[in-house]
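Undergrad: Dumping the structure here so I can ask a few things about it.
The values are calculated or read from the model by the stated rules, or taken from the named source; none is laboratory data. None of these values were measured; they are calculated from a predicted model. Neighbour counts run over all protein chains shown; Cβ positions are idealised from the backbone, glycine included.
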Amino acid sequence: MASVGPNRVVIAFGSNLGDREAYIQKAIQLLNDKCGQVHQVSSLHQTAPEGFESANQFLNGCLLLSTQLTPHQVLEALQAIELELGRYKTKDTYEDRCIDLDIIFYESLVLHDERLQIPHPRYQERDFVLKPLMELDLSFSQ
């Protein structure tokens, strides 16, 4: 899939290990460096873990990014940023993590393949995505 012009992408982010704010700030910096330009960032929302038990609270938010990358290139960049910041998955279920980055929207694209689903399949069920998402101006133009 070829990309034409800058595309607006909404990324949800979260952290519940270590210096959560520092991980989030570094992830935002790396998104700017590797993916495009971050135009808006929501406030941070502290939330309890969902889908697993942990004593560690999350900081969550959303951001709006403009990029020339295709959806799969964005996914690869997010996974590389997670690895660079020290996220290593040790199970196939939810677990504590220093950083988590998910594509919520890529323009108005609907995509479902073996690697990626856009819009994110469960974003509407997650207050930790919906609340920060409401802070973004999705009508933003380049």
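Undergrad: Can you pull out the strands (runs of 3 or more DSSP E) entirely within region 14-72 that have at least 2 residues that are basic (Lys, Arg), farther than 17 Å from Glu135 by Cβ and touching a helix residue (DSSP H, G or I) at 6+ places or on another chain (Cβ under 8 Å)?
TA: none
Undergrad: Of all residues in region 9-32, count the ones that are surrounded by fewer than 20 Cβ atoms within 10 Å (Cβ to Cβ), of a type outside the set (A, V, I, L, M) and within 16 Å of Leu83 (Cβ to Cβ).
TA: Total satisfying the criteria: 3.
Undergrad: Within region 50-63, can one find any residue that is under 19 Å from Leu111 (Cα atoms) and either surrounded by 15 or more Cβ atoms within 10 Å (Cβ to Cβ) or at pLDDT 95 or above (or both)?
TA: Scanning region 50-63, I find no residue that is under 19 Å from Leu111 (Cα atoms) and either surrounded by 15 or more Cβ atoms within 10 Å (Cβ to Cβ) or at pLDDT 95 or above (or both), so the answer is no.
Undergrad: Restricting attention to region 77-93, does a residue exist that is surrounded by fewer than 15 Cβ atoms within 10 Å (Cβ to Cβ), among the aromatic types (Phe, Trp, Tyr), touching a residue at least 24 places away in the same chain (Cβ under 8 Å) and in a loop (DSSP other than H, G, I, E, B)?
TA: no
Undergrad: Cβ-Cβ below 6 Å, separation at least six or inter-chain, first residue in region 15-40 and under 11 Å from Thr67 (Cβ atoms), second assigned to a helix (DSSP H, G or I): which pairs?
TA: These pairs meet every condition: Lys34/Ala77; Cys35/Ala77; Val38/Ile28; Val38/Leu31; Val38/Asn32.
Undergrad: Quick check on my filter: what residues within region 104-142 are farther than 23 Å from Pro49 by Cβ and among the aliphatic types (A, V, I, L, M)?
TA: Matches in region 104-142: Leu109, Val110, Leu111, Leu116, Ile118, Leu136, Leu138.
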